[in-house]
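First the structure, in the form of C-alpha cells, and then the observations on it.
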DNA sequence: TATTGTTATACTCTATAACTATA
DNA sequence: TATAGTTATAGAGTATAACAATA
C-alpha cells in the first residue's frame, strides 16, 4: 500500500478537484443526520465533542478550537450549562479564566448523537457492493493524513 | 480492488466511527479556506457550483439540492443576481417557474474559489509520503459511493 | 497596560406563514 | 384546487464594540 513515491503536484491538483466536493457533500449529509430531539446546534455538539476528548477547557481554548469569537463561545457555553451538559468553574491560578467541563449528562447525549450518525454512515458503507474493510481503512488512513 | 463481498454490519459500524470525524474535520478545514474577498457565503458558492455543473436550474431544484427551503433560495438567488453572477428567466412551458443560469462572471469567481481550495488540498496530498495516486482515486471512489 | 471573559447590540442566514400568479 | 415562487416576519447563530475583573 503506497510503497512508491509521493504523488506529483500536477496529479495532486487534479485529484484535489475531485476529492474536495466528495468530502464536502458527505460532510453535509452527516451534519444533517444530527439528532433534532435534544435541540443542540452543530456548534454546541462540537463543543461537547471537544470537551469529551479533553476536559476541562477554557472559553478561549474552546473559541479557538471551534473557530468562533469569544463572545459567541460565552453564549454557547451558557446555553450548554443551562441545559446541564457542562459546568463552568473559575480558574484557580488565573481567576479571569473560566474552565468548562462536560457533565455525565453531556457525555450521554453526545454518545447517543454519535451513535445515530454512525448508524447512517455504517448502513451506507454496508450497502456498497464490492467494498471490503481494507479499502475503508485505507480511506480513513488517507483522510487522517490530510488532516494532520 | 474490492472484488470480495460487501463488509459486514459490525465492521461497518466500527469503521463509521473512525470515518465520520475524519470527514467532518477535513470538511471544516476546506470550508474555512473559502475566499473571503468576493464576499460570497457558503450557500451562495454551493448554488454557483450547482449551476456551473448544470444550468439552468429552477429555484425549487436549487432549494432541494442545497437542502434549504424555497424562500431562502429566492433570497440567495436574488443576491447572486444583484451581484451579476446569475440571471433569472421565467420558464416558457410553465411560467410559474424561475430558471437560474450562471453568468461568465459567476464562472470566473467560482473557478478562482475552487483553485484556492484545491491548492490547499493538493498541497496536503502532495505532502503525504508513501501515497500514490491510485490510493487517492480509491478514496474518491469510496466517498462517491457513500454519497449516492 | 494587557488579557480573559462578559454584556450590549447588530447583522446574516434560514425558517414558517401568508400571498400572488400560474396551472 | 394544487403548485412555483415571492414577500413579510421571526428566530438562530455569529460578529464587533464597549466594559469588568484580574494579571
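Could you please find all residues in the stretch B:52-65 being under 21 Å from residue A:29 (Cβ atoms) and more than 13 Å from DNA strand D (Cβ to nearest atom)? I'd like the intermediate steps shown before the answer.
Residues of the stretch B:52-65 under 21 Å from residue A:29 (Cβ atoms): B:52-54, B:57, B:60-65.
Listed by number, the residues that qualify are B:52, B:53, B:54.
Pick from the stretch B:96-112 the residues that are assigned to a loop (DSSP other than H, G, I, E, B) and within 16 Å of DNA strand C (Cβ to nearest atom): which of them is nearest to residue A:20 (Cα to Cα)?
So the residue we want is B:97.
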Is it fair to say residue B:88 is modelled with pLDDT of 95 or more and exposed (fewer than 14 other Cβ atoms within 10 Å of the Cβ)?
no
Flagged in the stretch B:35-52 as part of a loop (DSSP other than H, G, I, E, B) and surrounded by fewer than 17 Cβ atoms within 10 Å (Cβ to Cβ), in numbering order, are B:35, B:36, B:37, B:38, B:39, B:41
At the interface with another protein chain (Cβ under 7 Å from one of its Cβ atoms) and more than 19 Å from the chain's Cα centre (by Cα) - does that describe any residue in the stretch A:19-27?
yes
Could you please find all residues in the stretch A:83-95 being part of a strand (DSSP E or B) and either more than 7 Å from DNA strand C (Cβ to nearest atom) or within 19 Å of residue B:29 (Cβ to Cβ) (or both)?
A:86, A:87, A:89, A:90
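If the requirement is being in a loop (DSSP other than H, G, I, E, B) and surrounded by 15 or more Cβ atoms within 10 Å (Cβ to Cβ), which of these qualifies: A:80, A:125, A:131, A:121? Before the answer, list the steps.
Working: A:80 fails: in a loop (DSSP other than H, G, I, E, B); A:125 fails: in a loop (DSSP other than H, G, I, E, B); A:121 fails: in a loop (DSSP other than H, G, I, E, B).
The conditions single out A:131.
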Name the single residue, out of those in the stretch B:53-68 being within 14 Å of chain A (Cβ to nearest Cβ) and outside any helix (DSSP H, G or I), that is farthest from DNA strand C (Cβ to nearest atom).
B:54
Any idea which of B:75, B:95 is more than 14 Å from every other protein chain (Cβ to nearest Cβ), at pLDDT 95 or above, more than 7 Å from DNA strand D (Cβ to nearest atom) and exposed (fewer than 15 other Cβ atoms within 10 Å of the Cβ)?
B:95
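Give me the residue from the stretch B:78-92 that is near DNA strand D (Cβ under 8 Å from one of its atoms) and free of Cβ contacts under 8 Å to residues at least 24 places away in the same chain and, out of that set, farthest from the other protein chains (Cβ to nearest Cβ). Step through it out loud before you land on a result.
Taking the stretch B:78-92 and keeping what is near DNA strand D (Cβ under 8 Å from one of its atoms), we get B:78, B:88, B:91.
Add one more test, that the residue is free of Cβ contacts under 8 Å to residues at least 24 places away in the same chain, and what stays is B:78, B:88.
Values: B:78: 23, B:88: 25 Å.
Restricting to residues being near DNA strand D (Cβ under 8 Å from one of its atoms) and free of Cβ contacts under 8 Å to residues at least 24 places away in the same chain, the top hit is B:88.
Residues of the stretch B:28-49 being more than 9 Å from every other protein chain (Cβ to nearest Cβ) and either under 21 Å from residue B:68 (Cβ atoms) or modelled with pLDDT of 90 or more (or both), which ones? Quick ask: steps written out before the conclusion?
Taking the stretch B:28-49 and keeping what is more than 9 Å from every other protein chain (Cβ to nearest Cβ), we get B:33-45, B:47-48.
Across the stretch B:28-49, the qualifying residues are B:34, B:38, B:39, B:40, B:41, B:42, B:43, B:44, B:45, B:47, B:48.
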Condition check for residue B:115: within 14 Å of chain A (Cβ to nearest Cβ), modelled with pLDDT of 90 or more and surrounded by fewer than 20 Cβ atoms within 10 Å (Cβ to Cβ):
no
From (1) touching a residue at least 24 places away in the same chain (Cβ under 8 Å); (2) over 30 Å from residue A:136 (Cα atoms), pick out the condition that doesn't hold for residue B:120.
(2)
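How about the stretch B:98-112: which of its residues are more than 14 Å from chain A (Cβ to nearest Cβ) and either loosely packed, with under 15 Cβ neighbours inside 10 Å or over 21 Å from the mean Cα position of the chain (by Cα) (or both)? Even if it seems obvious, please write down each step before you answer.
So the first thing to find is which residues in the stretch B:98-112 are more than 14 Å from chain A (Cβ to nearest Cβ), and the list is B:98-109.
Result: B:98, B:101, B:104, B:105, B:108.
The values are calculated or read from the model by the stated rules, or taken from the named source; none is laboratory data. The model shown is predicted, which means the values in this text are computed figures rather than measured ones. Positions of Cβ are generated from backbone atoms using ideal geometry, with glycine treated the same way; all protein chains shown enter the neighbour counts.
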